[in-house]
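The block underneath contains the structure these notes are about, expressed in structure tokens.
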Amino acid sequence: MIFGKTKLELKVGIFVFIGMAILVIFILSIGGFKTWSSGYHINLNFNFVNGVKVGAPVRFAGVDVGEVKRIKLEFLPEESRSNVKLDIWIRNIIKIPADSSVWVNTLGLLGEKYIEIIPGIDYSHSLKHGDCLTGVDPLPIHQIFNNAESILRNLNDGIIKIKNKEGTLGKLIYDDAMYDELQALVTDVRKNPWKLFIRTKEKK
């Protein structure tokens, strides 16, 4: 009877142990820990990162290869400016050429930020642990709006000039005399296409 009880307890213990092991693996996977993977760290320097957070994915050639481990904001007195340094972890099997380009990109509709590394061509000089790479700063959203507003303003000014019969396009649309002259020129060229070649030669 005691032997049967001990056997039952052993089975329960094994079952609990397997369940705990699965739970630990699941938690580590959700948390993004790289316990079973080896890798190396490199630093990325930016002036502006547009909301990149610790844990953000790092992609190389569009494939997830690591993540942002630490973000440090520092002041560079020799250049009189602030610098954002990202400490990123990369899987060991990934070799990043030193001439690669680095961008801050947006993932999905929610606007999550991630690091995009565009591969270079010089694989003979790959980044090693502790190396640095300077990234391309993303365009601030307010600057995008300012540029869009400037484009719309210029477009609106152009439309107003056309309505006021100003410029070549405005005169062509609203000036009947210029329209008739252009129409006559087109008709003449259609009837006598050889004139077009003569005029071209004369211009030369």
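For this structure, a couple of remarks:
- Residue in region 14-29 that is closer than 30 Å to residue 72 by Cβ, assigned to a loop (DSSP other than H, G, I, E, B) and modelled with pLDDT under 80 present: no
- Residue under evaluation residue 73, criteria (1) within 16 Å of the chain's Cα centre (by Cα); (2) closer than 17 Å to residue 134 by Cα, criterion not met: (1)
- Note on region 30-45: residues that are assigned to a loop (DSSP other than H, G, I, E, B) and at pLDDT below 60 amount to 5.
- Beta carbons closer than 6 Å, at least 6 apart along the sequence or on distinct chains, pair a first residue in region 63-75 that is assigned by TED's automatic domain parsing to the domain that holds residue 48 and surrounded by fewer than 17 Cβ atoms within 10 Å (Cβ to Cβ) with a second that is basic (Lys, Arg) and at pLDDT below 95 for 72/85.
- Evaluation of residue 171 against the conditions (1) at pLDDT 90 or above; (2) more than 22 Å from the chain's Cα centre (by Cα) shows that the sole unmet condition is (1).
The values are calculated or read from the model by the stated rules, or taken from the named source; none is laboratory data. What you see is a predicted model, and the numbers here were worked out from it, not measured in a lab. Quick reminder, even Gly has a Cβ in these numbers, built from the backbone with ideal geometry, and neighbours come from all protein chains shown.
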